[in-house]
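*Asks:* One structure is given below, represented as structure tokens, and several questions about it will come after.
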Amino acid sequence: MSAGFAGRRGVRMNRRRTLVILLVICAAEVTLGSRLSGAGSGPADWPYWRGLAADGMAVGDAPLKWSDTENVRWKTDIPGLGNSSPIVWGDQIFVTTAVPTGAPAAAASVAPPSAPAPGSRGRAQGPPPVEHRFELLSLDRKTGKILWQRTATTAVPHEGVHSTYGSFASNSPVTDGKRVYAFFGSRGIYCYDLKGSLVWQKDFGVQMRMRMAFGEGMAPVLADDRLILVFDHEGDSFIVALDKVTGKEIWRVARAERSNWAAPLIVDFKGRKQVVVSASTKVRSYDLRDGSLIWECAGLGANAIPHPVRQDDLVFVMSGYQKPNLMAIRLGREGDLTGTDAVVWSQTRGNSYVPSPVIFNNKLYVLADTGMLSCYNAKTGEPYYQQERLPKTYSFKSSPVGANGKLYLASENDDVIVVKMGEKFEVLATNTMSDQTFIATPAIAGGEIYLRSKTRLYCIRGK
């Protein structure tokens, strides 16, 4: 074989290898982009409060260590109070908040709190509501500067919120890269373009009555051309699908559920898209096209809050209050799955009451509110470790997020703890942000962490 021929053949082979690599990269990007609602998301975006694939995982890396003064790229005070999580698209960050106007509430305009459940310890409601501006903010991703601030509506909430953990802006927004959707529950849904112009709005005329006046806080979900909203409360509960472009109602289904805070999960299984909603009476799956019920399964306890996650043909749902339970439910069945082998495994110890789980590489990470972490084999339910305690006593309401083998736990107690992801429990770092309480879940995008405390939004970036 001549040297010239060998050289030409080598060039052709290198071109083929390059083409194959490019095709693999493109396919990966298409797969990633389609994992959330069919949006063209990329690794530098975080369009939903649980990330690109609604599993709590980021693409790429994130900083390991920081402090009040180290690796803080910027920090911005956020007006009012909101426990919603930030989302990221392109050069913008979006957060919602509720800002008191100072106007007192008329006594007749505020409904009495929902009656406490039998055996409860009473209400956790804060002071009577006053008038608020319900707002969506856009911040510059590079500088933290507020680009625009839009008041969706001004109103006196009809019911209060939990005095410690509640806010009138706890529903995290969602974006498809063209529009951003701010959901304020009883006060409606508002669709804006990325420049802050209102596209459409919809008021359902519902005044939700939440158990013990804990407050509202379920995030909206995008799927294809649809926006999914759930109104589970002590009144007439329902799930509704809207056209995301126009706000027109496509279908609505009544739900036999009480107060619930677990946002829906969109599942595409064998070409059929489902909307899975955790709840105390039954976990239910609806057909995305028309809202028809596909399957249901009882087994969770009261006050369902954690977001479901999915791996392959298993969906994981969890409750951590009264009668706590974690269930792995196999997809592909129809009807009532209660007590059948569709429930592949379950777990009642170490469950989370509020934080949602993270799933990655066949490992399910569960963070209890009291600061104990568990890691399970997602297929079998066998624990790699269970209820491991963190270095200090912590409380958690924020959900964990993961990036590049690191799990980030933002506590109520100044610290963000970083734990190594894997079969063995190992704390990698403890990052202290003085006098900051984290209720909102962090966002990770493009190598940066966006932390929302009670008062500020931080951008953390490594050197």
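The values are calculated or read from the model by the stated rules, or taken from the named source; none is laboratory data. As the structure is a prediction and not an experimental result, all values here were calculated from the model. We place every Cβ from the backbone using ideal geometry, glycine too, and count neighbours over all the protein chains shown. Ligands, DNA and RNA are excluded from the accessible area calculation, which covers all protein heavy atoms including side chains. Shrake-Rupley method; radii C 1.70, N 1.55, O 1.52, S 1.80 Å.
*Asks:* Give me the net charge for the shell around Tyr384: Cβ to Cβ below 11 angstrom, other residues only, Lys and Arg +1, Asp and Glu -1. Spell out each step's value before the answer.
*Replies:* Values: positive: Lys363, Lys424; negative: Glu382, Glu388, Glu423.
Net local charge, Tyr384 excluded: -1.
*Asks:* Once the dipole of the chain is set up with Lys and Arg at +1 and Asp and Glu at -1 on Cβ about the Cα centre, which of Cys459, Met218, Ala103 lies farthest towards its positive end?
*Replies:* Checking the options against the dipole of the chain, the answer is Cys459.
*Asks:* For the stretch 227-374, give me the percentage of DSSP beta bridges that are antiparallel, rounded to the nearest 5 percent.
*Replies:* 95
*Asks:* For the stretch 260-349, would you read off the P(r) tail past 21 Å as a percentage of all alpha carbon pairs? Each step should come with its number before you reach the end.
*Replies:* On the way: 817 of 4005 pairs.
Distances greater than 21 Å cover 20 percent of the Cα pairs.
*Asks:* What are the radius of gyration and Dmax of the stretch 202-328, computed over its Cα atoms and given in Å?
*Replies:* In order Rg, Dmax, the Cα atoms of the stretch 202-328 give 13.9, 41 Å.
*Asks:* At 1.4 Å probe size, with the rest of the protein present, what percent of the exposed accessible area of the chain is carbon and sulfur atoms? Don't jump to the answer; show the numbers that get you there.
*Replies:* Values: 9520 of 18710 Å².
The nonpolar share, carbon plus sulfur, comes to 51 percent.
*Asks:* Picking from Thr348, Gly402, Gln386, whose Cα lies most toward the positive end of the charge dipole for the stretch 315-463 (charges on Cβ: Lys, Arg +1; Asp, Glu -1)?
*Replies:* Value: Gly402.
*Asks:* Still on this structure, I have one more. Along the Cα→Cβ direction, 7 angstrom out, place labels at Thr370 and Arg330. What is the inter-label distance in nm?
*Replies:* Reported label-point gap for Thr370 and Arg330 is 3.4 nm.
*Asks:* I've got another one for you. I need the trypsin sites (Lys or Arg not before Pro) found in the stretch 215-249, filtered to DSSP loop residues with at most 16 other beta carbons within 10 Å of theirs. Intermediate results must be reported in sequence, preceding the final value.
*Replies:* Working: sites: Arg226, Lys244, Lys248; in loops: Lys244, Lys248.
Here the sparse-neighbourhood loop sites are Lys248.
*Asks:* Give me the Kirkwood hydrodynamic radius of the chain, using the inverse of the mean 1/r over all pairs of distinct Cα atoms, in Å to one decimal. Write down the numbers at each step before the final one.
*Replies:* Values: mean 1/r = 0.0440 Å⁻¹.
After inverting the mean inverse Cα-Cα distance, the result is 22.7 Å.
*Asks:* Compute the separation of the alpha-carbon centres of the stretch 324-401 and the stretch 152-178 and state it in Å as a whole number.
*Replies:* 27
*Asks:* Another question about this same structure. From the cross-link list Lys142/Lys392; Lys248/Lys363; Lys142/Lys406, which pairs have alpha carbons spaced over 31 Å apart? Each step should come with its number before you reach the end.
*Replies:* Working: Lys142/Lys392 34 Å; Lys248/Lys363 39 Å; Lys142/Lys406 24 Å.
Cα-Cα > 31 Å for Lys142/Lys392; Lys248/Lys363; rest within.
*Asks:* While we're looking at this one, here's another question. Sort Ile87, Ile266 by heavy-atom solvent-accessible area, probe 1.4 angstrom, most to least. Each step should come with its number before you reach the end.
*Replies:* Values: Ile87 0, Ile266 50 Å².
From most accessible down to least: Ile266, Ile87.
*Asks:* Per-residue accessible area for Met212 at 1.4 Å probe radius, Å² rounded to 10?
*Replies:* For Met212, solvent-accessible area is about 10 Å².
*Asks:* Could you please put Arg252, Arg211 in sequence from largest to smallest accessible area, using a 1.4 Å probe?
*Replies:* Numbers: Arg252 115, Arg211 20 Å².
Ranked list, largest accessible area first: Arg252, Arg211.
*Asks:* Once both labels are modelled 7 Å past Cα along the beta-carbon direction, what's the Glu423-Gln322 spacing in nm?
*Replies:* 4.1
*Asks:* A further question follows. Compute the long axis of helix 3-34 from its Cα atoms, compare it with the longest principal axis of the Cα atoms of the chain, and write down the angle in degrees, 0 to 90, nearest 10.
*Replies:* Once rounded, one gets 10 degrees.
*Asks:* So between Gln207 and Thr151, what do we pick up on full extension, going 0.36 nm a residue minus the alpha carbon distance?
*Replies:* On the way: separation 56, 0.36 × 56 = 20.16 nm, distance 1.97 nm.
Answer, rounded to one decimal: 18.2 nm.
*Asks:* In Å², what does the accessible area per residue of the chain work out to with a 1.4 Å probe?
*Replies:* Numbers: 18710 Å² over 463 residues.
Accessible surface, normalised per residue, equals 40 Å².
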